[in-house]
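The values are calculated or read from the model by the stated rules, or taken from the named source; none is laboratory data. Just so it is clear, the structure is predicted and the values come from calculations on it, not from any experiment. Here the Cβ is made from the backbone with ideal geometry for all residues, glycine too, and neighbour counts use every protein chain on show.
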Amino acid sequence: GFGQRVSRDDEGLLGLRALGRESFRLEASRREPDGLYIGRVAWLPEPAAAPVPPQRAPLVVLLRGLIEQAAAYRDLPRAFDDAGWVAARLAEILPLSPARKQALLETPDPLARLEKVAAALAPPAGAA
């Protein structure tokens, strides 16, 4: 499911707080005359959980610290032992460009995604 909370601001605009739980591919979309977007999606299979490799344990420590500070993640079920879950949450939270976040989240293999997140955090070559 997606929707969590619907609200209306002082100007009458509708606000929706959403939490995506399942991965999907957008197959088609259209914009209605009133501005509402309608889409058709294909649900993607859930990848099997993969354990976080020992050399990536520092990413789990980093994520734990970040999540403790983020109110949006307060009620989220946690899976710190799952490489895909850890990589996805870091991709969401880290200050990366939207295009980079999207590319990370579209990486289907959980261990490959975790490695890409680690690479995104690594200092540039030659930096000291």
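Go through region 71-87 and give me each residue that's among the aliphatic types (A, V, I, L, M) and surrounded by 13 or more Cβ atoms within 10 Å (Cβ to Cβ).
Listed by number, the residues that qualify are L76, A79, A83, V86, A87.
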- Filter region 86-106 for residues that are of a type outside the set (A, V, I, L, M) and in contact (Cβ under 8 Å) with a residue 12 or more places away in the chain and give the result. R89, E92, R100
- Message: Tell me yes or no: at least one residue of region 88-104 is buried (at least 16 other Cβ atoms within 10 Å of the Cβ), closer than 30 Å to L13 by Cβ and of a type in the set (G, A, S).
- Response: yes
- Task: With the checklist (1) small (G, A, S); (2) modelled with pLDDT of 95 or more; (3) in contact with a Phe, Trp or Tyr (Cβ under 8 Å, 6 or more places away or on another chain) in hand, flag the one item A112 doesn't pass.
- Result: (3)
